[in-house]
Amino acid sequence: MSEVLASIMGLVQIAGRLRHLFRELPSSLWLLELKIRGFHVSSPIQLFGHPVCSLYPGSSISLGSHVTLDSSLRANPLGGSSPCVLRTMTPTARLTLGDRVGLSSSTIVAGNSIEIGEDTILGAGSMVLDNDFHAIGSGFSWLTEYSKNSKPVKIGRGCFIGARSIILKGVTLGDRVVIGAGSVVTKDVPAYSIAAGNPARIVGTVPNPNLQ
């Protein structure tokens, strides 16, 4: 009986390894796609699901080592409703993710400059945008515009951006900032602060090891 059980457990382990291999294969292909498109990638990085990525000619997108992009339904406990989106919209745009940055069904679109520091994580459905995407046209019309109304966004190290939050143009977040879920951040938040709401306001602080 014990031999039969051992055989069954062995088959289960083999099936697990094969399943892991089949999951890793698409990730390798998607990583190759990013490199072919001209992304600067510091290996290794992890891709769970297929991210939506586009690089405007002349612009740059850089991914630090051990960056994680969760783009599949099963990659996040909240169940990602959409893939990660990384896009530059102008020839001078720059988008940089530091080492060990993690995204879950997050959208980052740069018309100017977006920089996210190392060890920062973005919750499910969060967005970082450095432009308004549109400008007022003649009459009641709207124009598509990614550059003239853009302002750089900089997010520090070790920040946590809660699910469904939006970081808007011109915002700087200091190191170790926490943004509450569903917040809309329109102004700078100093290091070691907790901000929440629409518009986001400082509601608390994070322990600062430099002051202990």
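Nothing in this text is a laboratory measurement; each read-out follows from the coordinates by a stated rule. In this text, all values refer to a predicted model and were calculated from it rather than measured experimentally. With ideal geometry, Cβ positions are generated from the backbone for all residues, glycine too; neighbour counts draw on all protein chains shown.
For the pair Val41 and Arg164, a Förster radius of 41 Å applied to the C-beta separation gives a FRET efficiency near 0.90, rounded to the nearest 0.05. Quick one: compute the contact order of region 67-212, relative version, from alpha carbon pairs under 8 angstrom and 6+ residues apart, as a percent. Relative contact order for region 67-212 comes out at 15 percent. Neighbour counting of Cβ atoms within 10 Å sorts the residues Ile167, Ile45, Ile121, fewest neighbours leading, into Ile121, Ile45, Ile167. The trypsin sites (Lys or Arg not before Pro) of region 122-212 that meet both conditions, a loop assignment by DSSP and at most 14 other Cβ atoms within 10 Å of the site Cβ, are Lys148, Lys187. A simple count of charges around Gly117, restricted to other residues whose Cβ falls under 12 Å of its Cβ and scoring Lys, Arg +1 and Asp, Glu -1, yields -1. Summarising the label geometry, the points placed 7 Å from Cα in the beta-carbon direction at Ser147 and Leu211 lie 4.3 nm from one another. Too long at a 18 Å Cα-Cα cut-off: which of Lys148/Lys169; Lys154/Lys187; Lys35/Lys148? The pairs that break the limit, which is 18 Å between Cα atoms, are Lys35/Lys148.
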